[in-house]
Structure formats: C-alpha cells, structure tokens
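Data block below; observations after.
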Amino acid sequence: MIAALALTLAPLPAAPAQERILVAAESADEVYELGFDGTTLSVIDVVAVGYQATEIEGPHGLTVAPDGRHWYVSMAHGKPNGLLYKYEAGTNRVVGEAELGLFPATMQISRDTGLLYCVNFDLHGDMTPSTVSVVDVEGMVEVEQIVTGSMPHGSRLSPDGTRHFSCAMMSDELIELDAVGLEIVRRMALTDGTGRRAAAGHGGDEEHGGDGEDAAPHVAITKPTWVQPHPRENLAYVALNGAHQVVEVDLEKWRIVRRFPTGRAPYNLDVTPDGKRLVVTYKGAQAVGVIDLKSGEELARIPTSRRIPHGVALSADGRYAFVTCEDKGGAPGSVDAIDLESLERRATLDVGLQAGGIALFPRTADSLPR
C-alpha cells in the first residue's frame with residue numbers, strides 16, 4: 001500500500017518550458033506574441049503598432065531587454081524618419097518612443113552599456129552611407145547617430161556587449177563599432193573569394209536582399225545582410241546574400257578564415273548557444289540550413305512553410321529554431337518551429353502579412369504577470 005501510494009504521489013515529468021516569441025508583421029502593422037510548449041505554437045496576443053491609421057508604417061526589427069521587462073520595435077516607414085517604440089512586457093502597453101533615422105531596422109541592447117543600437121537601413125534615396133542610432137532606453141533618447149556604410153543591416157553585439165557589428169549591404173562591408181566609445185574601429189571589405197567587386201544584378205527583393213541575380217552594376221557582389229558573433233569564440237559569421245555563402249571571420253586577425261556554400265540568398269543567421277551549429281535562412285530557396293561549425297558540413301536543409309524565410313531566433317537551450325516566413329501578395333506570413341535535434345519542422349502558425357522581425361523573451365521573463 002505504501003509503495004502504491006508513493007507511486008501515486010510521484011511527481012509528473014516537467015512540461016517543457018514555454019518559449020515566448022515576438023514576431024513583426026511588417027505589412028500589417030502588428031506584433032504577435034506567441035507561445036511554444038514544445039509541440040504547438042499559439043497566439044498569446046496581437047499588438048497593433050504605429051500611429052498613422054491610414055498608412056502602413058512597417059514594424060521591422062524587434063528586441064527584448066536583457067531582463068525581459070520591456071520589448072522594442074522599430075517602425076521603418078516615417079515622414080521621413082522612423083520610430084522606435086518601447087513596450088512593457090506582460091501588458092504590451094507602449095511606454096516610450098524615440099525618433100531614429102531613415103528606415104530603422106534591426107537592433108539589440110548591450111548588456112555592458114545598457115544602450116540600444118539600431119541600424120538605419122535607408123531605402124529612400126541614393127546608396128549613400130547611413131547610420132547606427134544609439135538610444136538610451138531609460139529616457140528613450142537617441143544619444144548618437146554614427147555614420148557607417150550603405151544600407152546597414154544585421155545589428156548585433158559581442159557576447160560581452162562592448163563591440164557592435166553590422167553589415168553594409170550596398171557598400172559590401174563588415175563594420176565594427178566600439179559600443180562604449182561610440183566610434184568605428186574597423187572595416188572589412190567583403191568579397192565572394194573570387195576577387196570580383198561588382199555584380200550584374202540586384203535581385204528580386206530589392207528592399208531586403210533578393211536572390212542575387214540581375215543587379216545593377218553599382219551593387220556590391222556579396223550583399224551582406226546579417227552578422228552574428230560566436231557565443232564563445234572570437235569569431236563572427238556573415239551572410240553573403242548575393243554570393244550564396246556564409247563566411248567565418250576571425251575577429252582577432254580581422255580576416256575571413258572559412259567560407260560555407262549555402263542555399264540561394266542566405267539572409268539571417270544565428271549560432272546555437274553551445275557554439276556548435278549555425279542556422280541560416282535561405283531567402284531564395286524556401287529553406288533553412290543547419291551547418292555543423294566543426295566540419296563545415298550542412299547537416300540539413302529544412303523546407304519552410306511559406307516561400308520567403310526571413311528571420312531566425314534560437315531558444316536559450318539551443319533545441320529549437322524559430323523562423324519567420326514571408327509570402328507574396330495577400331498570403332499571410334508564418335512562423336516555423338524547427339527541432340534542431342531531429343532536424344525537422346515541429347510546428348507552424350500563420351500570422352500577419354510579411355512576417356519578418358523576431359525576438360525571444362529570456363526564460364527569466366516567463367513568470368511575468370499577464
């Protein structure tokens with residue numbers, strides 16, 4: 001009887017911790033808050049963003065504060081400048097805003113400085129150098145704009161938060177900023193390894209890097225669209241959208257040390273927390289690639305639910321990749337949850353038009369009141 005009672009009262013296996021995910025629907029002016037329990041994606045909330053009822057303002061980039069208490073969205077289309085909004089996690093109530101530059105896009109907050117760094121992608125004129133906006137998120141004040149390169153994208157910080165990296169998509173550069181001193185410290189010209197510096201094409205998705213064909217002669221051949229520092233080593237990975245490659249950069253020697261061939265138009269990427277795998281969205285191949293960083297081998301190429309995979313974010317334990325997918329015309333966007341152990345798509349959920357930006361709440365934010 002005692003044994004039977006002990007069996008009855010034995011604790012049940014713990015359910016998988018739910019991931020909380022933010023997704024921007026750029027052509028719907030909505031941010032979706034989603035949950036994932038290891039099996040199913042579900043909608044927790046849909047937040048209407050922007051202030052112009054008759055205009056599409058284009059929520060593009062998303063980031064969550066390191067403590068999980070606030071989240072931020074960049075609004076790309078302004079008059080002319082875009083905006084940054086600050087929201088309270090849990091209530092999803094807007095609590096601050098700041099004006100940035102032309103077409104603010106991807107961003108991240110430094111654990112070291114507490115400042116937010118947002119690239120101003122600038123789609124509004126000639127291919128002239130644009131800027132990185134640096135924002136004090138406590139007062140929501142832009143404290144600096146640093147001129148970098150043409151169409152900067154992929155704003156990412158080193159693990160310690162002291163260095164900021166971005167790609168200049170149309171001037172073909174990797175740029176490193178001192179995140180404390182707020183100045184450029186290094187630039188690297190990116191090539192596809194052949195020595196060529198100009199392409200004969202711009203590609204189909206001219207706003208965000210297309211498939212690398214039929215570009216105008218002034219366009220740099222590699223069209224870098226994302227940079228991601230390694231979580232443990234002094235390395236970074238850059239997606240060369242126009243060259244169908246990802247390159248590994250030795251940040252100490254400041255040079256490319258490896259090249260990984262990819263599917264068409266690699267766009268966004270992330271590295272698993274253990275530093276062993278690279279996950280890349282292939283915007284021109286309707287797939288996500290998983291690359292083993294020790295061997296350089298592509299372990300899997302996983303088809304996505306819709307035609308144009310965009311952003312990717314990885315769970316803190318490295319088990320799952322969450323991928324946003326755009327589509328064409330009036331078709332909705334979607335989010336795919338990919339199991340990085342079985343290397344297969346685990347769940348899919350349709351969201352608003354042109355799903356792009358994506359960010360995850362830290363696990364410590366799971367208990368925030370709703």
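The values are calculated or read from the model by the stated rules, or taken from the named source; none is laboratory data. Small disclaimer: the values here were computed from a predicted structure and weren't measured. No Cβ is skipped: glycine too gets one built from the backbone with ideal geometry, and neighbour counts run over all protein chains shown.
Per-structure values
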| read-out | value |
| --- | --- |
| Which listed residue is part of a loop (DSSP other than H, G, I, E, B) and modelled with pLDDT of 95 or more, from ALA285, ALA337, ALA321, ALA313 | ALA285 |
| Lone unmet requirement of (1) assigned to a strand (DSSP E or B); (2) surrounded by fewer than 21 Cβ atoms within 10 Å (Cβ to Cβ); (3) within 20 Å of the chain's Cα centre (by Cα) for PRO159 | (1) |
| Residue in the stretch 37-84 that is nearest to ASN268 (Cα to Cα), counting only those that are of a type in the set (Val, Ile, Thr) and at pLDDT below 90 | ILE56 |
| Evaluation of ARG301 against (1) under 17 Å from VAL227 (Cα atoms); (2) free of Cβ contacts under 8 Å to residues at least 40 places away in the same chain (one fails), failing number | (1) |
| Filter result for ARG301 (surrounded by fewer than 19 Cβ atoms within 10 Å (Cβ to Cβ), in contact with a Phe, Trp or Tyr (Cβ under 9 Å, 6 or more places away or on another chain) and either at pLDDT below 95 or part of a strand (DSSP E or B) (or both)) | yes |
| Among residues of the stretch 340-370, those that are among the charged types (D, E, K, R), outside any strand (DSSP E or B) and at pLDDT 95 or above, counted | 1 |
| Residues being more than 14 Å from ALA239 (Cα to Cα) and touching a Ser or Thr at 6+ places or on another chain (Cβ under 8 Å) - total across the stretch 157-174 | 5 |
| The lone exception for LEU353 - which of (1) touching a Pro at 6+ places or on another chain (Cβ under 9 Å); (2) among the aliphatic types (A, V, I, L, M); (3) without any contact (Cβ under 8 Å) to a residue 40 or more places away in the chain it fails | (3) |
| Residue count for the stretch 37-65, restricted to those that are surrounded by 15 or more Cβ atoms within 10 Å (Cβ to Cβ) and among the polar types (S, T, N, Q) | 1 |
| Identity of the residue in the stretch 68-109, in a strand (DSSP E or B) and touching a Cys at 6+ places or on another chain (Cβ under 8 Å), that ends up surrounded by the most Cβ atoms within 10 Å (Cβ to Cβ) | PRO104 |
| Scan of the stretch 104-133 for residues that are hydrophobic (A, V, I, L, M, F, W, C) and at pLDDT below 95, ordered by number | PHE121, LEU123, MET127 |
| Search result, residues across the stretch 130-148 that are surrounded by 15 or more Cβ atoms within 10 Å (Cβ to Cβ) and free of Cβ contacts under 8 Å to residues at least 60 places away in the same chain | SER130, THR131, VAL132, SER133, VAL134, VAL135, ASP136, MET140, GLU142, GLN145, ILE146, THR148 |
| Enumeration of residues in the stretch 257-282 that are in a strand (DSSP E or B), over 17 Å from ASP339 (Cβ atoms) and either without any contact (Cβ under 8 Å) to a residue 40 or more places away in the chain or charged (D, E, K, R) (or both) | VAL257, ARG258, ARG259, PHE260, PRO261, TYR282 |
| Residue in the stretch 28-36 that is surrounded by fewer than 18 Cβ atoms within 10 Å (Cβ to Cβ), at pLDDT below 95 and not basic (Lys, Arg) present | no |
| Residue check for ILE109: among the aliphatic types (A, V, I, L, M) and touching a Gly at 6+ places or on another chain (Cβ under 9 Å) | yes |
